[in-house]
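Laboratory data are not the source of any read-out in this text; all were calculated from the coordinates shown. Because the structure is a prediction, the values reported are computed rather than measured. Virtual Cβ from ideal backbone geometry, glycine too; neighbours counted across all protein chains shown.
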Amino acid sequence: MQNTRLFTRSTLRTVARPQLLRIPLATQQRCFHPSTAVTAPTVTEALTEDHRELETYYNEVVNNPNDHDHQQRYGNQFTWELARHSIAEELIIYPAFEKYLGQKGKEIAEKDRGEHHEVKLFLKTFQNMKPSDEDYIPKLQTLWKNLNQHIKEEENDDIPQLEKYLASDHNYTGVSESLAKSFARTKMLVPSRSHPSAGEHPPFETVMGLITAPIDHIADIFRKFPDKKISPNPSTK
């Protein structure tokens, strides 16, 4: 009888004792490896990516002079990307210059807005042309000459000044990434064709953009774009 009581108490203690699940240290480390973290893009990365895409689309048009279908598709892609990129910069990036860089930032923003306006005028002409038009490629080359100079100034001077200032104060940690995110979101809502002055001096020109954007997006459905490229529906970008 005594042996039975001892066996019962021993069994109860065994059952009641919590069982610890032992996981090998190496497995625990793999579960939380820092290399799996995804870093959000900065303003520099977001704008540079767009610039390289525009350069790719431009080259596809000018390097295929005998393939009008190919030119039409990439010409539309070029227009679609440049129109959205330009207005998103004017609504998000240029106000950031003015906010964080003071008077110097205002001067940069005004200079860039003026350059954008010239490019938009060229783009408005180009977007209504056909590859069979005699001036189709020359017009695009003139546009690109102006745009490429603007891109170089942005990448080599304007954006680095903004990034340097944001990096100089811990209170601005994450601002570059936040601006890049807002820039990408804005591109979903703005026009995909050139409308000179739209977005150049918010908030008034922004109204024009919001009015024309839905019309542009619907018309994009009926335009030709490169196969296996991003959809002309800006909500997928």
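Ordered by packing density, taken as the mean number of other Cβ atoms within 10 Å over each peptide's residues, highest first, how do 219-225, 70-76 rank?
Peptide ranking by packing, descending: 70-76, 219-225.
Can you flag which of Lys187/Lys224; Lys152/Lys181; Lys139/Lys181; Lys130/Lys181; Lys124/Lys152; Lys152/Lys224 are past 26 Å Cα-Cα?
Check vs 26 Å cut-off fails for Lys139/Lys181; Lys130/Lys181; Lys152/Lys224.
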